[in-house]
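The values are calculated or read from the model by the stated rules, or taken from the named source; none is laboratory data. Keep in mind the model is a prediction, meaning the values are calculated, not measured. Positions of Cβ are generated from backbone atoms using ideal geometry, with glycine treated the same way; all protein chains shown enter the neighbour counts. Only protein heavy atoms, including side chains, enter the accessible area calculation; ligands, DNA and RNA are left aside. Shrake-Rupley method; radii C 1.70, N 1.55, O 1.52, S 1.80 Å.
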Amino acid sequence: MENLSRRRLLSLGAALGLVGATNPAQAWASTGSVAEAAAGTGPQWIWDDVADPLMVSMLDGGHVPAINAAWASWVDNDDALPGGLPADFTAYLRQVNRLPSWADPVKLARAADFNRRRDTYLFMLYGLGGGIMSTVIPREAKSVYWSAGGADMQDRAAKTFTFGYDLSQLKAFEPTGQFVVTANKTRVVHAAVRHLLPQSPHWRAVADESVPISAADILVTFHSLGTFVYRKLLDWKIPFPAADQEAFLHAWQVAVHLLGVPYEHIPRTWAAAEKQAAQVLTPILTPSTEGIALAEDLLGLTAQIDLGVTRGFLNEFVRYVLNDEVGDWLGLKRDYASAALVRTAWPAFILFREGLSPVMPGTFYVFDQFVRALAMLFLNKGSSGSTTPITIPTGNRAG
């Protein structure tokens, strides 16, 4: 039985492109981060010693509704900090609302251009790859499900999607971009959830941690998105020169740092990131009651708009970008006609878009419109193509 489990794990890791060592404890102590971490200070024991106590004070003091109202108009990176905030909260924002000193504007600009050129693949891989993968990351699935956002998955998906969307914008880190603000708001929401979720008896009944969203959990999410996308772009043989790879990683390094992950724990190369992902992501993937429900909610959202495709097509695309084992875990019904279409037409779609084939596949328009519609679905419930409001929760999901 042990050998069978190991074979299944290696099969899953191979399908995700993340096979390697499988001891999570070794990953956090290994070298390869931006700066070497001291032994015994792994990110699984790190939360956010700046934002966490602040949000305890804001929640317990009843200040959150006023903060949500005040920062609704705070969107662009160069927007002035909103007025009407508690003094402690304003002081915190002044401290964190900036790029780290090691951020490289040249690399960030190149990453933005890369994101623009590869937006079609990024939408699909972030949404139907990493987004669905998150539902088989047990800690993430349980935290999402039992937090306030879990009760409205379209709104929750919109807020998650806007993080990746803002990160992918052409001027994401520049004054007229929005990502620095988005990251700061997300960091505050994480701090609020760390205080709120341990008060939920439903979450406590299923959680294997006493406080959610550690730095390790954020890094696992990074691997399910950034590292996963990096590997898939290579596997799909999409032109991805070394300078673009380095810039793409740098944008993610800055993004993860803005979420409060200490500098020394951020992987400094893609080789280090893939090694870490093989140790801390691949071994933990497994279904949960909460994750299965979330996946069904997320995939069911597409029924609200006309994508020109069936649910079977969607199921098979998820199986294609992840694998059949994940599809089986989530109970995604098979549609073998759609499976054949995806596995033959998607590679042809890529070849044509990249100028590697002069023949436009007959399904080109279907795929192109599907990507655009999927993106708009998650942007403020389809009503905005520019931003999705991020609000701080004041409670948890009801039972």
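Heavy atoms only, 1.4 Å probe, whole protein assembly: order LYS107, LYS275, LYS237 by accessible area, highest first. Kindly include the intermediate steps, with their values, before the conclusion.
On the way: LYS107 60, LYS275 110, LYS237 160 Å².
From most exposed to least exposed: LYS237, LYS275, LYS107.
Between ASP78 and THR394, take the C-beta separation as r, use R0 = 51 Å, and let me know the FRET efficiency to the nearest 0.05.
With R0 = 51 Å, the Cβ-Cβ based efficiency is 0.95.
Given charges of +1 on the Cβ of Lys and Arg and -1 on the Cβ of Asp and Glu, with all other atoms neutral, how large is the dipole of region 235-295 about its Cα centre, in debye to the nearest 20? Walk me through the numbers before you get to the answer.
Working: 3 positive and 6 negative charges, 13 e Å.
About 60 debye.
Rounded, prolate or oblate for region 42-183? Axes are the square roots of the Cα gyration tensor eigenvalues, ordered a ≥ b ≥ c, and the cut-off for rounded is a/c under 1.5. Don't skip to the end; give the middle numbers.
Values: a/c = 1.68, a/b = 1.14, b/c = 1.47.
Judged from the Cα gyration tensor, region 42-183 comes out oblate (a/c at least 1.5, b/c at or above a/b).
Would you kindly calculate the mean projected area, averaged across all directions, of the convex hull enclosing the Cα atoms of region 205-363, in square nanometres?
11.7
In square angstrom, rounded to the nearest 10, how much accessible surface does ILE218 have for a 1.4 Å probe?
So the heavy atoms of ILE218 present about 10 Å² to solvent.
Per the Kirkwood treatment, what hydrodynamic radius in Å, one decimal, follows for region 100-147 from the mean inverse distance over all distinct Cα pairs?
Evaluated on region 100-147, it is 13.0 Å.
Check which residues have an amide H placed less than 5 Å from SER147's amide H, if you skip close sequence neighbours.
Counting only residues 5 or more places away or on other chains, the set is ARG397.
Multiply the residue gap between ARG98 and ASP152 by 0.36 nm, knock off their C-alpha separation, and tell me the result in nm, one decimal place.
This chain segment gains 16.3 nm when fully extended.
Note down the magnitude of the dipole of region 66-117 about its Cα centre, charges +1 on Lys and Arg C-beta and -1 on Asp and Glu C-beta and zero elsewhere, to the nearest 20 debye.
I would put it at about 280 debye.
Given a Förster distance of 22 Å, report the FRET efficiency between ALA345 and LEU170 from their Cβ-Cβ distance, rounded to the nearest 0.05.
On the way: r = 29 Å, r/R0 = 1.32.
Efficiency for this residue pair is about 0.15.
Taking +1 at the Cβ of each Lys and Arg and -1 at the Cβ of each Asp and Glu, which of SER224, PRO212, ILE238 sits farthest along the dipole of region 194-313 towards its positive end, judged by Cα position relative to the Cα centre?
ILE238
Once R0 is set to 45 Å, what does the formula 1/(1 + (r/R0)^6) return for the Cβ-Cβ distance between ASP88 and ASN323, expressed as a FRET efficiency to the nearest 0.05?
0.45
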